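Report on one structure; see the data block that follows.
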Amino acid sequence: MIAALLPLTLSASAADTAKLHTDKVMAVPVTEKKILPVDLDQAAASQDVVLPQQPVHMTADTFFARNADGYVKSRGNVDIKQGMDEVHANYVEGNMKSGVYHTKGPVVYVNETNALTGQDVTYNSQNGSMSMDKVEGFMGPTTYIRGTDAEMYDNIGYVKHGLITTPHAVAKTPDYYITGDDIRIYPGEKFTAENTALWFKHVRLFTYGHYEGRLDNKNKTKHYIFTLLPRPTYNSDDGIGVRGYADVPLNQSGDLKFHASYALNSKNGLKPAAQIQKDTKIGSFRFGYSKEESTDNDDNIWATKWPELEYFAPRLHLGDTGIYIDSSANWGRWAEDGVKTGTHKGFRTEITHTPIPLWQRANVRFFAGYRKDWYSTDDAQRRDPYSGVILNQGINDRLWTSFWYKKHNVSGYTPYRFDTLDDPRQHGLSIGYVLTPRDTVIFSWAQDLDDDHISDRNYTWVRDLHSFIATITYKQVDKEWQVKIKAKDFDF
């Protein structure tokens, strides 16, 4: 075959070496050029390597084995191990020749990705399959499951009826969860469920049909059906409201997603957002429509952005120094009450580092950045080189303090209140004290360095609500209240 494709190829065995060096010319036969068909499946099969099956190890307080037929029975602290699979029970009987083992009562099953408990398990060491009457535990680090009639085969889990939630919500009746039929779990990859419904305690919020969630934590993906849960909010400008969001994957790899969010307030109505996001090696791109609340100030100003294109560069780490750079850019049309609608474009970059330990319970972090914005309204521009430092000092296990300083050297202006900077030059401090394992109080104070007035004097109570965290803040200077509730497992 090779000779047919390469007719000028020369070959010689060890016995022909002398003749090869003495002859000036060798006659090389040329075969007819043609391609011979090859059975690729047969060729691949001939190269397959079959690894030996890993042995099964069993230990117990009492052990009985019958060599004639392979029957075994164990009682008390029974441990079965095969590779990364472990089964722990109080009673096991089975057959060493068939590799099938049965347990009665509670059983613990552990492998590299799962930690499950069940009742009345049948385990086949020949193919790694398993069945349980009841099952509960973790499939990967972010997903808790509880159900009936469970099976596992080829490392794929099947649950006939069950519920799924996140780690902090686990309880006899979880704070929030989805129920489903025919749940299929692909450890480290994804899970699917049919006839799903989202619940908050005993209240069913809505039904969904087919649902698919990621288990690989790729791109920090969260279960979007949970993020839709309405979280209550309150502030003096917006009134009482609820908020939620979802990042719905649109392809198998998860790098294309639909981002949707909502804020429903008693004073300002519905504020939705709908955007498409694409994650690439050079960064993330997001395009769509949104109504967003100001983050540069505390005035709760809303702006409508349509269309809006945003770019977020990958974080750039400077070796092992702990220093990193974040950058972003955006372009779009902005609309705000009382301001002419116009085009905005801008970019921002910031350099900072992981906190540097100083002495016991103390660390410091410096940051610096540059931001520039262009506005078609009034042909305005704004430049903002800024810098600052944050010093944290723990006093003991309950008491901590934080001191900070920031300076924005703003030139130019913005025609919008939405991105107007509050108090560009400030310093301040925070003092926190842990009252109970569930309650923390924080006092914050800030002073404007331009005219020395006190810009903030806030009192905050933080309450642990099992799977949620509630913060209630009274802003004494502004005479305003603010209430926020965040979920531990998906609001970051």
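Taken together, the values in this text are just the output of simple stated rules run on the coordinates, not laboratory data. Here the structure is a predicted model, which means the values were calculated and not measured. Neighbour counts run over all protein chains shown; Cβ positions are idealised from the backbone, glycine included.
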For this session: Name the shape class, rounded, prolate or oblate, that the alpha-carbon gyration tensor gives for the stretch 159-308, where a ≥ b ≥ c are the square roots of its eigenvalues, rounded holds for a/c under 1.5, and otherwise prolate holds if a/b is larger than b/c and oblate otherwise.
Result: oblate
Exercise. Given the convex hull of the Cα atoms of the stretch 57-200, what is a quarter of its surface area in nm²?
Worked result: 8.4
Exercise. In angstroms, what radius of gyration and Dmax does the stretch 92-161 have, counting Cα atoms only?
Worked result: 11.6, 37
Exercise. In µm²/s, what is D for the stretch 218-369 at 25 °C and 0.890 mPa s, where D = kT/(6 pi eta Rh) by Stokes-Einstein and Rh is the Kirkwood radius from Cα pairs?
Worked result: 136
Exercise. In whole angstrom, how long is each semi-axis of the equivalent ellipsoid of the stretch 237-487, when you take the square root of 5 times every eigenvalue of its Cα gyration tensor and sort them from largest down?
Worked result: 30, 23, 23
For this session: Counting other Cβ atoms within 10 Å, keep those with at most 12, restrict to DSSP loop, and tell me which GluC sites (Glu not before Pro) in the stretch 61-159 are left.
Result: GLU112
Seminar exercise, completed: Note: THR192 to PHE443 extended length (0.36 nm per residue) minus current alpha-carbon separation gives 85.8 nm
Exercise. Whole number please: convex hull volume per residue of the Cα set in the stretch 356-426, in Å³?
Worked result: 96
Exercise. The stretch 276-306: which trypsin sites (Lys or Arg not before Pro) are DSSP loop and have at most 16 other beta-carbon atoms within 10 angstrom?
Worked result: LYS281
Seminar exercise, completed: Summing -39500 (n - 2.57) over every DSSP H run of at least 4 in the chain, dividing by its residue total and rounding to the nearest 500, the 222 nm mean residue ellipticity is -1000 deg cm²/dmol
Seminar exercise, completed: Stretched fully, the stretch from LEU309 through THR113 gains (0.36 nm per residue minus C-alpha distance, one decimal, in nm) 66.7 nm
For this session: Please find the FRET efficiency linking LYS281 to ILE390, where r is the Cβ-Cβ separation and R0 is fixed at 22 Å, and quote it to the nearest 0.05.
Result: 0.10
Exercise. Applying 1/(1 + (r/R0)^6) with R0 = 25 Å to the Cβ-Cβ distance of TYR158 and TYR91, what FRET efficiency is obtained, to the nearest 0.05?
Worked result: 0.50
Exercise. Each residue of the stretch 127-134 in turn: what ³J(HN,Hα) in whole Hz from Karplus with 6.51, -1.76, 1.60 and θ = phi - 60°, glycine and Pro shown as x?
Worked result: 10, x, 7, 7, 9, 9, 5, 9
Problem set entry | Fewest-first ranking of SER261, SER387, using other Cβ atoms within 10 Å as the exposure measure | SER387, SER261
Problem set entry | Above-threshold pairs, the threshold being 19 Å between Cα atoms, out of LYS201/LYS488; LYS291/LYS475; LYS372/LYS475; LYS257/LYS281 | LYS291/LYS475; LYS372/LYS475
